[in-house]
Amino acid sequence: MSISVSHINKSYKDIRALQDVSFEVKKGEIFGLIGPDGAGKTTLFRILATLLIADSGQASVAGHDVVKDYKTIRNCVGYMPGKFSLYQDLTVEENLEFFATIFKTTIKENYHLIEDIYKQIEPFKTRRAGKLSGGMKQKLALCCALIHKPEVLFLDEPTTGVDPVSRKEFWDMLKRLQQKGITILVSTPYMDEASLCDRIAFIQDGKILEIDSPEAIVKHFTKTIYNLSANNMYKLIESLKTYEHAHSVYPFGEFVHYTDTRDVFDIDELQHYLKNIGLNDITIEIAKPTIEDTFMALAK
Amino acid sequence: MERVIEVESLTKKFGAFTAVDSISFHVKKGEIFGFLGANGAGKTTAMKMLIGISHPTSGKATVAGFDVFTEAESIKKNIGYMSQKFALYDDLTVKENITFYGGIYGLSRAKIKIKTQQLIEELGLEDIANNMVGSLPLGWKQKLAFSVALLHNPKIVFLDEPTGGVDPITRRQFWEMIYKTANQGTTIFVTTHYMDEAEYCDRVSIMVNGNIEALDTPKNLKKQFSAHSMNDVFLKLARG
Amino acid sequence: MKLFLGFIKKEFYHILRDRRSLFILFGMPIVQILLFGFAITNEINNVNIAILDHSKDVTTKKIIDNISASKYFSINAFIQQENDIESVFKKGQTKAVISFEKDFNQHLIKNGQATVQIITDATDPNTANTISNYVNAIIQSQVKELNKGIDKGYQIIPQTRMVYNPELKSVFMFVPGIMTVILMLVSAMMTSISITREKELGTMEVILVSPLKPLQVIAGKVVPYIALSVINATVIILLSLFVFKMPIQGSLILLAFETVLFIVTALALGILISTIAATQQTAMMISLMGLMLPVIILSGFIFPISSMPLVLQIISNIIPAKWFIIILKAIMLKGVGFSFIWKETLILLGMTVFFIALSIKKYKIRLE
């Protein structure tokens, strides 16, 4: 096991940031912590990165205890904090060089590890980090976290505030790093990124809701989901909510995801109900549950 | 359908750099219009011109019937604005925030009082009306901020990445509020680079390097680019 | 060691690339010294005065000539009667009226004494006091000249001897104070800000999760600022030497040693602040309110400690700046050696050790 967390609790004053959190991450796995802001993701990262001590419970990273062996861990993990923004007044190269130095290595020594990523930002190596675009900053930050060849990589919301193109590239890079045997623990508030992980843990209000692979986790969703659309989105939502058999009604892009309290029911009846209210162009079809549907069902 | 935003060949240059390159589009009354683009594509610059805080270099644009060149002050009175970065004061209570914004937009004291009551009831904030906004969960803050942006019944509300980081359920409640508002005739203008937010819009425009490269309903855009999601559409467009 | 040098290199990049901090570092000392030296001063220059001469004889004319010839005064009105005095003051331009009694010369020769009234606008008591002193001095020198050649002259010459600062040059009194303020500002405020900035940026988290030891981080932050503070102190001393011609009486080596000691004290305070403050803004506020204010008010820099209420006098003892100013004045103005200031030095040293120990103890290897 590369990371093992068992029964971790952590409170700040009256807020219980983490409640009995347990999970394990295998070597070479990309493990995603999926949950909204304030779910406790950052606290968990800080405990694993030896920056905070849990109130109770144990955790180990790369076989070392996070409290006792904190010095060893600090030598063998790469950490990218959530609001990490590099030294804005240092150039790309100076930033990288600095992080290489404090981790007792050189850019040259581990260049092979960052080559793929660094090649993309190398043309701008004399530019100050503050003048880079969001996507390039993330790449540089990743390089800085990788430069000492860590066994485990902690990435706390690395793609927040980054445009889709850069996000896609960032995830491609993580996949390549995984092939080099690095274990990656990554957090994100975006459900669409969950499917890119090997396994995910849903986290909300300091509690882990579910842990499984993205493919398996949607199977936890037992109800049938219907995709509905009509000419007036607002009316459609309101009407569905007042429908006596409605179990859940969530807008989902251009559709509404609807589940019924009954296991078997007549779609035509629902169609009629909506038509009578005055909606037109009604479409109803069965949809596959998404990771987000699963999360909402669990968090409800 | 009445057009509440009309933009024609709107351009903004910073020295030799053209941030917004002659864009043209219109937004209808009651429409939810998504304004997308990568970091640095020019969407923030374009929006700043529309809300009257940045002077265009050339082109034409009217917002809520007012000219962005000459009537910026009237525009400000007729729009609402909410951004993720700046929304409410953390060290004021829910009530104080509402009163403050009501005051800014020149609502009478009596009206503020009624509105405050109404708003707190609608959002179910009765128990925490006198709590500091800073102590509220992010999702509640965002909902409150949106309601506050609507206090003065603006014709258009500009939302700047409204739901980043919010949990999926609260986020949907937020979008339900947006649908309701749009249904009542208020136009919603959303800038975001989260494609799942884009899926909720009636129409979406995508900016690339200062130009609008695509503009249509999400459904048509997906068809046009034979993509599964807006995210795919965006990737195809931005990568050229 | 390489690790440590890498850290210091990075610190210098930060300092040299930030125009604001560069200005605080090098612009401030110069601006402050020049400000205090030229503008904020107890000296007077070209003060407008009015003359009411009831006598209009040889002696009064001579005195008036002397007054108008001095660079301190310029005469802007001759008035004819007592009633005009008030109206002249009310116009606001005139700061003093000199009124000679009738038959001034005759009285002087016959009775050996004559009266001259110096009426000053005391809304600004300090200036008023200075003006009357200066006028007095001019009149006395005139009396002295009159009495020349007379065997049994009625000579009433007040003897004032001013020690250490014979010309009452206020800049001499200010230099030690300004030096203290600036060293405090540069060392304490700048270090605390530079550490809290890393907390804000999130880089501190990464540095913590690195093999760097706490002592290395602290030393890495401190060393660049020691260097800069020494440069600053040198600039201040050179300015006072060459611009204000202030003589330094004591040993330069002793001065250098004491200065470095104080710089280390201030740096230790800076680190201490950064362990409490989470943001740059808080660090700045604590530095300004908690350090600068006492340095300016309670250290004896501007207000003499001996004239403070007893409570404040006692409090002033825990302010390092007070001791440093005493040391500086002793070396710069009095020219004494170490044997006269060993006690103050020891106090400062004790404080420094205490602050360093405290900040190392408070420096967290984790986030809380």
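Here are the numbers:
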quantity: Sorted by Cβ density within 10 Å, fewest first, the residues B:I98, C:I318, C:I79; calculated: C:I318, C:I79, B:I98
quantity: Helix B:168-183 axis, angle to chain B major axis (alpha carbon atoms, nearest 10°); calculated: 80 degrees
quantity: Compactness relative to 2.2 N^0.38 Å, alpha carbon Rg of the protein assembly as shown; calculated: 1.28
quantity: Which listed pairs, of A:K104/A:K149; A:K10/A:K300; A:K300/B:K222; A:K131/B:K43; A:K119/B:K222, have C-alpha distances above 21 Å, in listed order; calculated: A:K10/A:K300; A:K300/B:K222; A:K119/B:K222
quantity: Reach of C:K102 by Cα under 23 Å, taken over lysines that are not fewer than 8 positions away in the same chain; calculated: C:K56, C:K61, C:K62, C:K110, C:K144
quantity: Descending semi-axes in whole angstrom, ellipsoid equivalent of region C:1-104, from the Cα gyration tensor; calculated: 59, 14, 8
quantity: Using alpha-carbon coordinates, inclination of helix A:92-102 to the longest axis of chain A, degrees; calculated: 70 degrees
quantity: Cα→Cβ-extended label distance, 7 Å offset, between A:D65 and C:M28, nm; calculated: 4.7 nm
quantity: Length gained when the stretch B:E2-B:F100 is fully extended (0.36 nm per residue, less Cα-Cα span); calculated: 32.1 nm
quantity: Residue pairs, from the table A:K13/C:K364; C:K10/C:K245; A:K13/B:K143; A:K137/C:K199, whose Cα atoms sit over 29 Å apart; calculated: C:K10/C:K245
quantity: Footprinting exposure proxy for A:S4, B:S108 (fewest neighbouring C-beta atoms within 10 Å first); calculated: B:S108, A:S4
quantity: Point-to-point label distance, B:I53-C:I109, nm (Cα→Cβ direction, 7 Å offset); calculated: 8.5 nm
quantity: Relative frequency of Cα-Cα separations exceeding 19 Å in region B:21-76, percent; calculated: 28 percent
quantity: Estimated vicinal HN-Hα couplings, Hz - region A:285-293 in sequence order (Karplus 6.51, -1.76, 1.60; Gly, Pro = x); calculated: 9, 6, 10, 7, x, 9, 4, 5, 4
quantity: Principal semi-axes in Å for chain A [√(5λ), Cα gyration tensor, largest first]; calculated: 42, 23, 15
quantity: Percentage relative contact order, region C:47-147, counting C-alpha pairs under 8 Å, at least six apart; calculated: 31 percent
quantity: Reach of C:K221 by Cα under 13 Å, taken over aspartates and glutamates that are not fewer than 8 positions away in the same chain; calculated: C:E11, C:E198
quantity: Least to most buried among A:M80, A:M173, C:M308 (fewest other Cβ within 10 Å first); calculated: C:M308, A:M173, A:M80
quantity: Proximal aspartates and glutamates relative to A:K27, as straight alpha-carbon distance under 18 Å, when same-chain residues fewer than 8 apart are discounted; calculated: A:D65, A:E151, A:D198, A:D212
quantity: Residue list for region A:87-112, given a label point 7 angstrom along the Cα-to-Cβ vector of A:E122 and an amide N cut-off under 12 Å; calculated: A:108, A:111-112
quantity: Residue of C:L348, C:L185, C:L241 that the Gaussian network model of chain C assigns the largest fluctuation, springs spanning Cα pairs under 10 Å; calculated: C:L241
quantity: Gained length - C:K91 relative to C:A227, 0.36 nm times residue gap less alpha-carbon distance; calculated: 43.6 nm
quantity: 0 to 90° range, to nearest 10: angle between helix A:267-277 axis and chain A longest Cα axis; calculated: 80 degrees
quantity: Modelled FRET efficiency - R0 30 Å, A:K27 with A:I286, Cβ distances, 0.05 increments; calculated: 0.15
quantity: Of the DSSP H helices in chain C, those whose Cα atoms cover at least 27 Å axially and whose Kyte score averages -0.5 or more; calculated: C:125-147, C:214-242, C:252-276, C:338-362
quantity: Restricting region A:131-180 to trypsin sites (Lys or Arg not before Pro) in coil, as DSSP defines it, with at most 14 other Cβ within 10 Å; calculated: A:K180
quantity: For region C:47-147, share of DSSP beta bridges that run antiparallel, in % to the nearest 5; calculated: 30 percent
quantity: Residues B:K113 and A:A216, FRET efficiency given R0 of 45 Å [Cβ-Cβ distance, rounded to 0.05]; calculated: 0.25
quantity: Calculated FRET efficiency for the pair B:A16/A:T72, C-beta based, R₀ 41 Å, to 0.05; calculated: 0.15
quantity: Lysine pairs with alpha-carbon atoms under 20 Å apart, region A:221-299, spacing 8 or more or separate chains; calculated: 4
quantity: Surrounding net charge for C:A114, when Lys and Arg each add one and Asp and Glu each subtract one, Cβ distance under 9 Å; calculated: -2
quantity: Fraction of antiparallel bridges per DSSP, chain A only, in percent to nearest 5; calculated: 65 percent
quantity: Choice from B:Y89, B:Y179, B:Y81 showing the highest fluctuation, given a GNM over chain B with Cα pairs closer than 10 Å; calculated: B:Y89
quantity: DSSP beta bridge pairing in region B:106-240, given as percent antiparallel to the nearest 5; calculated: 50 percent
quantity: Equivalent ellipsoid semi-axes - Cα gyration tensor, region A:221-299, angstrom; calculated: 20, 14, 11
quantity: Alpha carbon centroid spacing (whole Å) that separates region A:81-130 from region A:226-267; calculated: 50 Å
quantity: Rough spin-label spacing in nm, given labels placed 7 Å along Cα→Cβ, for C:N45 and A:Q19; calculated: 7.3 nm
quantity: Segment A:I267-A:N9, length gained on full extension (0.36 nm per residue, minus Cα span); calculated: 88.3 nm
quantity: Residue of C:I315, C:I325, C:I182 that the Gaussian network model of chain C assigns the largest fluctuation, springs spanning Cα pairs under 10 Å; calculated: C:I315
quantity: Compactness of chain B - radius of gyration and Dmax, Cα, Å; calculated: 18.1, 55
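We did not get these values from a lab; they are worked out from the coordinates using the rules stated. Note that the coordinates shown come from a computational prediction; the quantities given were computed from them, not determined experimentally. All Cβ positions, even for glycine, are placed from backbone atoms using ideal geometry, and neighbour counts span all protein chains on display.
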